[in-house]
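The values are calculated or read from the model by the stated rules, or taken from the named source; none is laboratory data. Keep in mind that this is a model prediction, so the values were computed, not measured. All Cβ positions, even for glycine, are placed from backbone atoms using ideal geometry, and neighbour counts span all protein chains on display. These accessible areas exclude ligands, DNA and RNA; they are computed on the full protein's heavy atoms, side chains included. Shrake-Rupley method; radii C 1.70, N 1.55, O 1.52, S 1.80 Å.
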Amino acid sequence: MQTKKSSNLAIALIWFTAAISMAEILTGTWFAPLGWQQGLIAIVVGHFIGGSMFFCAGYIGAKTQKSAMQTVQISFGEKGSALFSLLNAMQLMGWTAVMIYMGAEVISILNQTADASIFPFLTLGLGILIILWLLLGFTKLGIFKSLSLVTMFLLMLWLSIQVANKPFITMDVAQNIKFGTAVEIAAVMPLSWLPVVSDHTKNSETPFKTTALSTLTYTATSCWMYALGLGAALVTGKSEISQILSLAGVSVIGVLIVIASTMINTALPAYSTGMSLNNIFPQLKVTPISVLTVIVGIILASTLPVTEYEHFLFFIGSVFAPMIAVLIADFFVLKQHDVKKSVDSVGLGVWFVGFVLYRFLMEKGWETDLGLTFPVIIITFILAILVRKIAK
């Protein structure tokens, strides 16, 4: 049976949807201590690094017509890839919790006198809507999703105009941020999608064109969201999403649109969690696991300070930066395109060295102006080629 091919527009819309996120806007507010110019440069440089890896991962899937976790098997073996499926499921559960928290926070704008005790009920209500969206088949574009995308785009455009027309104020910040750290935080966001991107590019008839369009769509939109968060923080002097939207004059209708978009966006990481765990345990069905992911997200969003996720982002970088470096070395340089082992100990060993190197350098506070991801990828890439040649 021939696999149905996806149009480039449909795939690009998926990544446009993924990038328009309250989480990305909030992350952009962290760059405010750098100022507009330095903050914007850090955003672009970081997204260029992460976007390049995003392209490589998507292109490998498009060329081989393999899903994301199937491409990972090329370097780490059929069973060896289970480690990354598990780690990916963990980080996607984290993103699900962050997005539910963001949505609940936006809902709280509707009632300025809302008591903190009702916040768990807000996360529960939003979680139920996400579950219903999953059960109804979120992968179909549908009129509701199309209208939500258009209105969300218009809302973000309007908010961007509001920010552009207001003067920046001096922020009184307790903590500073280094330029290299900002670049790293920008690079990590595209990296977090590496175990997912091939799930959408694998059905393309034009691998390079589809992957390039997906990469440009996601990185450009993500840069926009980061810059919007940066500009909003410099205009309002605030870093909370709810306060930014409120001070920017977002109406009740606008807030409802944000909620609808958050509901749609959260379905993507929840569904991808099901896909990752299905790679480990084929007997598990994707939809029930996706629903369970949302339930876990509701619990985490209600009980933990999930907006304080800087260390979570660094964990993502430490896992997926060396992973993609090994895969790039095997696929593009060593021309290894098929799964040859159940567990590839050489690939896993090189990845582990890259993982430890990232964590060690981060703990020591060492970084370049290009962050940690870039040097770790280069070192792991070279090491993978050398060790593979020696192992042969």
Matching residues in the stretch 295-321 - criterion: being within 17 Å of the chain's Cα centre (by Cα), over 12 Å from Met189 (Cα atoms) and in a helix (DSSP H, G or I): Gly297, His311, Ser318, Val319
Check Ile107, Ile128 and return the single one that is modelled with pLDDT under 85, among the aliphatic types (A, V, I, L, M) and more than 17 Å from the chain's Cα centre (by Cα). Ile107
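State all residues of the stretch 81-101 that are among the hydrophobic types (A, V, I, L, M, F, W, C) and farther than 16 Å from Asn278 by Cβ; if no residue qualifies, say none. Steps first, please.
Taking the stretch 81-101 first, the residues among the hydrophobic types (A, V, I, L, M, F, W, C) are 82-84, 86-87, 89-90, 92-93, 95, 97-100.
Listed by number, the residues that qualify are Trp95, Ala97, Val98, Met99, Ile100.
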Residue list for the stretch 50-78, restricted to those being open to solvent by 20 Å² or more (accessible area, probe 1.4 Å) and assigned to a helix (DSSP H, G or I): Ser52, Met53, Phe55, Cys56, Tyr59, Lys63, Thr64, Gln70, Gln73
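Part of a helix (DSSP H, G or I), at pLDDT below 90 and more than 30 Å from Val339 (Cβ to Cβ): is that true of Leu9 in this structure? So that I can check it myself, show each step before the final result.
Working: part of a helix (DSSP H, G or I): yes; at pLDDT below 90: yes; more than 30 Å from Val339 (Cβ to Cβ): yes.
Yes: the conditions hold for Leu9.
Could you list, in sequence order, the residues of the stretch 330-346 that are farther than 21 Å from Ser192 by Cβ and either buried (at least 19 other Cβ atoms within 10 Å of the Cβ) or touching a Pro at 6+ places or on another chain (Cβ under 6 Å) (or both)? Step through it out loud before you land on a result.
First, pick out the residues of the stretch 330-346 that are farther than 21 Å from Ser192 by Cβ: 330, 332-346.
The answer is Asp330, Val339, Asp344, Val346.
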Criterion first (touching a residue at least 24 places away in the same chain (Cβ under 8 Å), aromatic (Phe, Trp, Tyr) and open to solvent by less than 50 Å² (accessible area, probe 1.4 Å)) does Phe314 satisfy it? yes
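Residues in the stretch 337-345: is at least one more than 24 Å from the chain's Cα centre (by Cα) and part of a helix (DSSP H, G or I)? So that I can check it myself, show each step before the final result.
Filtering the stretch 337-345 down to residues more than 24 Å from the chain's Cα centre (by Cα) leaves 337-345.
Filter again for part of a helix (DSSP H, G or I), leaving 345.
Looking for residues that are more than 24 Å from the chain's Cα centre (by Cα) and part of a helix (DSSP H, G or I), one finds at least one in the stretch 337-345, hence yes.
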Identity of the residue in the stretch 207-226, surrounded by fewer than 23 Cβ atoms within 10 Å (Cβ to Cβ) and over 16 Å from the mean Cα position of the chain (by Cα), that ends up nearest to Trp15 (Cα to Cα): Leu213
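If the requirement is being touching a helix residue (DSSP H, G or I) at 6+ places or on another chain (Cβ under 8 Å), within 30 Å of Phe54 (Cα to Cα), of a type in the set (Ser, Thr, Tyr) and modelled with pLDDT under 85, which of these qualifies: Thr71, Thr151, Thr96?
Exactly one residue qualifies, and that residue is Thr151.
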Out of the residues in the stretch 27-42 that are touching a Leu at 6+ places or on another chain (Cβ under 7 Å), part of a helix (DSSP H, G or I) and open to solvent by less than 10 Å² (accessible area, probe 1.4 Å), which is farthest from Cys223 (Cα to Cα)? Ala32
Over the stretch 16-62, the set of residues touching a Phe, Trp or Tyr at 6+ places or on another chain (Cβ under 9 Å), over 15 Å from Val196 (Cα atoms) and among the aromatic types (Phe, Trp, Tyr) is Phe31, Trp36
Give me the residue from the stretch 347-380 that is open to solvent by 40 Å² or more (accessible area, probe 1.4 Å) and not in a helix (DSSP H, G or I) and, out of that set, modelled with the lowest pLDDT. Glu367
